[in-house]
Amino acid sequence: MNLINNFHSPSIVNVPITGIGWISAVNAGRGSDRCKPEWDVGTPTVPAAMLKSLKGGSRFGRLDLFSRIGVAAIGLALEDAGYLPAKQPAAETSIALISATTSSCGVTDRDFYRTIQEEPGLASPGLFVYTLATSFLGEAALRFSLTGAGMTVLESQPRADSALKLALEELITGDDEVVVAGICNLFAQTSAAPRYSGALFLVLEKETQAPARVHAVLSCDLKTGNFYINHQPCPDIFSICERICG
């Protein structure tokens, strides 16, 4: 299956979704698990069995929570798409990582600043490593041997539409054959309006030789920026997964 333009509308681009992975405060899973992501307030956790299969080295336990849920969700999505375990080494395919975030790594930043206040001159080096919203993408690239581009997009509302549009742009004009695109947020539950913490990533491919593993085809109107699954409008990554997994 190739990334192609719709014959009836040249502005429509179709891209196969071959992997889905998520971590939330309610559940965690892959697109092939025959369940759907559920979202609610609370602290996301990575189930022990999934953590073990995705560990990839002793440093996973040292990650801050924002990075841990992001790396785990990316790993689950890659696993769902058939890139893990390394029956087909990910290093043979150029795979990019693009994440959207609203919370950024604010919780980690505050925890780091607290160590400065409590122990002047003894700021935590372990936390300092993760005081950038892109840190977990580097961890994922190292852990899963990914060699493509990496970037994080800050957005005012959790939607990941900007990350998905950048992913399509990379697949159309860039050098990467596969893009893992999604969202990662860790909110401090102090605001009056609840926001849901967690991570959700999709594997989008320029082409795939295994149509049987395609969950759905994501369509995007390049003129309007609107996304569709089976001709049904899906304004964000959550509605996309609801349409596929619901």
Of those in the range 67-106 that are out of contact with any strand residue (DSSP E or B) (no Cβ under 8 Å at 6 or more places or on another chain) and at pLDDT 80 or above, the residue surrounded by the most Cβ atoms within 10 Å (Cβ to Cβ) is V71
I'd like to know if the range 218-237 contains one or more residues that are at pLDDT below 95, acidic (D, E) and buried (at least 21 other Cβ atoms within 10 Å of the Cβ). no
If we ask which residues in the range 33-66 are at pLDDT 90 or above and part of a helix (DSSP H, G or I), their number turns out to be 1
Looking across the range 5-19 at residues that are over 30 Å from S32 (Cα atoms) and touching a strand residue (DSSP E or B) at 6+ places or on another chain (Cβ under 8 Å), the single one that is modelled with the highest pLDDT is S11
With criteria (1) over 17 Å from the mean Cα position of the chain (by Cα); (2) closer than 25 Å to Q157 by Cα, V203 comes up short on (1)
Per the list (1) at pLDDT below 95; (2) in a helix (DSSP H, G or I), residue check on T147 breaks on (2)
Per the filter on the range 31-46, residues touching a helix residue (DSSP H, G or I) at 6+ places or on another chain (Cβ under 9 Å) and surrounded by fewer than 21 Cβ atoms within 10 Å (Cβ to Cβ) are S32, D33, R34, C35, K36, W39, T43, T45
Flagged pairs (Cβ under 9 angstrom, 6 or more apart or on separate chains; first in the range 221-246, at positive phi; second surrounded by 14 or more Cβ atoms within 10 Å (Cβ to Cβ) and of a type in the set (D, E, K, R)) are G225/D161; G225/K165; N230/R243
Do we find a residue being crowded, with 21+ Cβ neighbours inside 10 Å and at pLDDT 85 or above anywhere in the range 107-123? no
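The values are calculated or read from the model by the stated rules, or taken from the named source; none is laboratory data. Quick caveat, the model's predicted, so the values are computed rather than measured. Glycine gets a Cβ as well: all are built from the backbone with ideal geometry, and neighbour counts include every protein chain shown.
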